[in-house]
Structures are given as structure tokens and as C-alpha cells.
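These notes concern the structure reproduced below.
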Amino acid sequence: MQGHPTMRNTATDSGSNQRNWLALSIGNSRLHWAWFQGEICKQVWHTLHLDASAGEKLIHAWNRGELWCGGLESPGPLGGEAIAPNPPLWIASVVPQQSALWQSYGRLNIISLENLPLLGVYPTLGIDRALALVGAAGKWGWPVLVVDAGTALTLTGADPEGRLVGGAILPGFGLQLQSLTEKTAALPPVTFPGTLPPRWALTTAEAIASGVLYGIGAGVRDFIDDWKERFPTSAVVITGGGGEILLRYLHQSAPEMAKQAIAMPDLIFAGICCIKQQQSG
């Protein structure tokens with residue numbers, strides 16, 4: 001457990017501190033937080049999902065002028081700076097039960113698909129996928145393809161007019177490893193090594209790592225190849241917790257593709273920032 005940053009009274013805050021706000025991306029497995037000053041992302045951290053009691057406790061702490069309170073995970077000192085009480089909170093969530101915990105917070109902004117400058121969306125498109133696409137386009141323009149290697153690995157692309165072309169969803173690296181361990185009797189738990197496993201493995205653990213990594217990697221390569229045929233000038237942005245290992249695979253198997261890929265682990269926060277600017281302006 002790290003230290004608990006506190007917040008000064010707004011009456012004595014500097015002008016820059018008045019511009020502090022928090023972004024929260026609620027994913028399938030974890031909560032992803034970001035602290036912003038204006039348009040500048042100062043810090044990103046991750047915590048487990050909260051239960052109702054912990055969520056209520058955190059809101060009460062914010063109302064008292066404390067950013068974090070005992071018993072909740074904190075990011076440690078936020079750059080040595082204080083944050084004003086009751087910071088605006090912008091949420092994008094794929095887990096309704098988690099976003100419901102924040103309904104009593106007075107400065108809550110929940111982002112929905114209707115808020116996004118993205119054409120051709122369908123009602124069940126994940127807000128995380130859509131926001132990552134908007135964030136990528138805000139930095140590199142349309143057309144753009146986002147590969148998000150999270151719990152689920154998703155590919156999502158939009159054309160030069162900012163209209164959704166579509167995408168694909170498959171189980172991510174961790175989920176595939178977990179399913180093999182939990183749904184079979186004899187296969188051991190496996191974690192990926194720091195380096196790529198041999199493609200033709202001589203142990204069960206390496207065979208599992210090889211199958212998952214090279215299987216996913218080959219599929220992603222095929223999707224990127226097809227996308228670049230359609231939109232040769234498109235940026236390809238890789239994000240998510242599994243992005244690093246995916247890039248290692250691409251550097252080994254398709255170095256030219258890897259050189260052109262843009263790594264941005266916290267891309268969704270760029271999308272949240274774009275929407276906040278749009279609605280605040």
C-alpha cells in the first residue's frame with residue numbers, strides 16, 4: 001500500500017490545480033485511472049474493481065478533500081502535487097455494475113456512444129473500442145486502425161471520413177492461457193516469458209505459449225495486411241496490456257509492419273480527453 005495523496009482547499013488552489021480532473025476506464029478485469037491537468041495526462045495507474053462499500057468510501061473521501069483513503073489502492077504521490085476536492089470524473093465503462101457505483105458522485109460525467117464524433121456506430125459497440133479509435137484519430141487522423149490487446153483482443157477501424165468500417169474480437173493472450181488451464185485436466189498454468197517462446201516447442205508450457213502467441217499474432221498480422229490494402233495511408237495503433245508482447249511478435253515476424261505500428265498503452269485516455277474537450281468547449 002502506497003501513500004495517500006491529499007487535496008488542498010479550492011480557495012487556495014493555483015490556477016493549474018483548478019484544471020485537474022480524473023478519467024476512469026472501467027474494463028472487464030480492472031479499473032484504469034488517469035489524472036489530467038487540462039489536456040496533459042500526468043499519471044496513469046490501475047486497480048482492481050471496487051465493491052459497493054469501497055466505492056462509497058472513496059466518494060466520501062473525495063467529498064472530505066482526500067483523493068484516497070485507507071484500505072483503497074492508490075497510485076502513490078501524484079507527482080508531489082495536490083488535487084482539489086471533488087475533481088471532475090469522466091468515466092467510460094464496459095461493466096455497468098461498476099459504473100453504477102459512481103452515480104452518487106456530484107461531478108460525474110459518463111461517456112456514451114452518442115457523445116462520440118464517430119459515424120456508423122452500432123448500438124452494442126464497446127465504448128472502450130470507440131474511444132480508443134477517437135483518441136487515435138485525434139493524434140494521427142483518419143483512417144485509423146486500433147489493435148487493443150486487452151482481456152479481449154479487438155481490432156477496430158474507421159475510414160478517411162471517420163466512419164466505422166468494423167472490426168473483430170477474439171480472446172486475448174491471458175484469456176486464452178486461462179481457458180487452456182481451466183478447461184483441460186493436464187495442462188499447466190503458463191505465463192509468457194520475457195522473450196518469445198520457440199515456435200516448435202519441446203515442453204508443454206512452451207507449446208501452450210507458442211500456440212497462443214503465434215496463433216494470435218498471425219491472425220493480427222492478417223487483419224493488418226488486409227486493412228493496409230484497403231487504406232494504405234492508415235495509422236495502425238497498438239494498445240492494451242498485451243500490446244508489448246504483440247509488438248515483440250511483430251518485430252520478429254514482420255519487422256516492417258512493426259516499424260510502422262504505433263504503441264500507445266493508454267490510448268483510451270486520449271479518447272476520453274477528446275470528448276471532454278468537445279463537451280467543455
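Which residue, of G271, G215, is small (G, A, S), in a helix (DSSP H, G or I) and touching a residue at least 60 places away in the same chain (Cβ under 8 Å)?
Only one candidate qualifies: G271.
Within segment 94-111, track down each residue that is within 20 Å of T154 (Cβ to Cβ) and modelled with pLDDT of 95 or more. Even if it seems obvious, please write down each step before you answer.
If we filter segment 94-111 for residues that are within 20 Å of T154 (Cβ to Cβ), which is where we start, we get 94-96, 98-99, 111.
Residue satisfying the conditions is I111 alone.
For segment 242-281, which residues satisfy the criterion of being more than 18 Å from D148 (Cβ to Cβ) and touching a helix residue (DSSP H, G or I) at 6+ places or on another chain (Cβ under 6 Å)?
Selection gives H251, A254.
For segment 182-194, give me the residue count where each residue is loosely packed, with under 13 Cβ neighbours inside 10 Å and farther than 16 Å from G241 by Cα.
Matching residues across segment 182-194 total 7.
Which members of segment 126-150 meet the condition of being small (G, A, S) and within 18 Å of C273 (Cα to Cα)?
Initial filter on segment 126-150 (small (G, A, S)): 126, 130, 132, 135-138, 141, 149-150.
The answer is G126, A130, A132, G135, A136, A137, G138, G141.
What are the pairs with Cβ atoms under 8 angstrom where one residue, in segment 140-165, is among the aromatic types (F, W, Y) and the other, located anywhere, is open to solvent by 10 Å² or more (accessible area, probe 1.4 Å) and assigned to a strand (DSSP E or B)? Sequence gap at least six, or different chains.
W140/A235; W140/I262
Any idea how many residues of segment 38-54 are without any contact (Cβ under 8 Å) to a residue 24 or more places away in the chain, farther than 17 Å from A92 by Cβ and part of a strand (DSSP E or B)?
Within segment 38-54, residues that are without any contact (Cβ under 8 Å) to a residue 24 or more places away in the chain, farther than 17 Å from A92 by Cβ and part of a strand (DSSP E or B) number 1.
For A207, which of the numbered conditions (1) at pLDDT below 95; (2) surrounded by 15 or more Cβ atoms within 10 Å (Cβ to Cβ); (3) under 23 Å from the mean Cα position of the chain (by Cα); (4) not charged (D, E, K, R) fails to hold?
Exception for A207: condition (3).
Within segment 113-130, identify whether any single residue is open to solvent by less than 10 Å² (accessible area, probe 1.4 Å) and either outside any loop (DSSP other than H, G, I, E, B) or out of contact with any Leu (no Cβ under 7 Å at 6 or more places or on another chain) (or both), and answer yes or no.
yes
Could you tell me whether segment 150-160 includes any residue that is acidic (D, E), open to solvent by 50 Å² or more (accessible area, probe 1.4 Å) and either assigned by the TED database to the domain that holds A263 or at pLDDT below 95 (or both)?
No: segment 150-160 contains no residue that is acidic (D, E), open to solvent by 50 Å² or more (accessible area, probe 1.4 Å) and either assigned by the TED database to the domain that holds A263 or at pLDDT below 95 (or both).
I want to confirm something. Restricting to segment 218-241 and keeping residues that are outside any helix (DSSP H, G or I) and farther than 10 Å from V147 by Cβ, which single residue is most open to solvent (accessible area, probe 1.4 Å)?
Filtering first and then ranking leaves T233.
The values are calculated or read from the model by the stated rules, or taken from the named source; none is laboratory data. Everything quoted here is computed from the prediction, not taken from an experiment. All Cβ positions, even for glycine, are placed from backbone atoms using ideal geometry, and neighbour counts span all protein chains on display. For accessibility, only protein heavy atoms count, side chains too; no ligands or nucleic acids. Shrake-Rupley method; radii C 1.70, N 1.55, O 1.52, S 1.80 Å.
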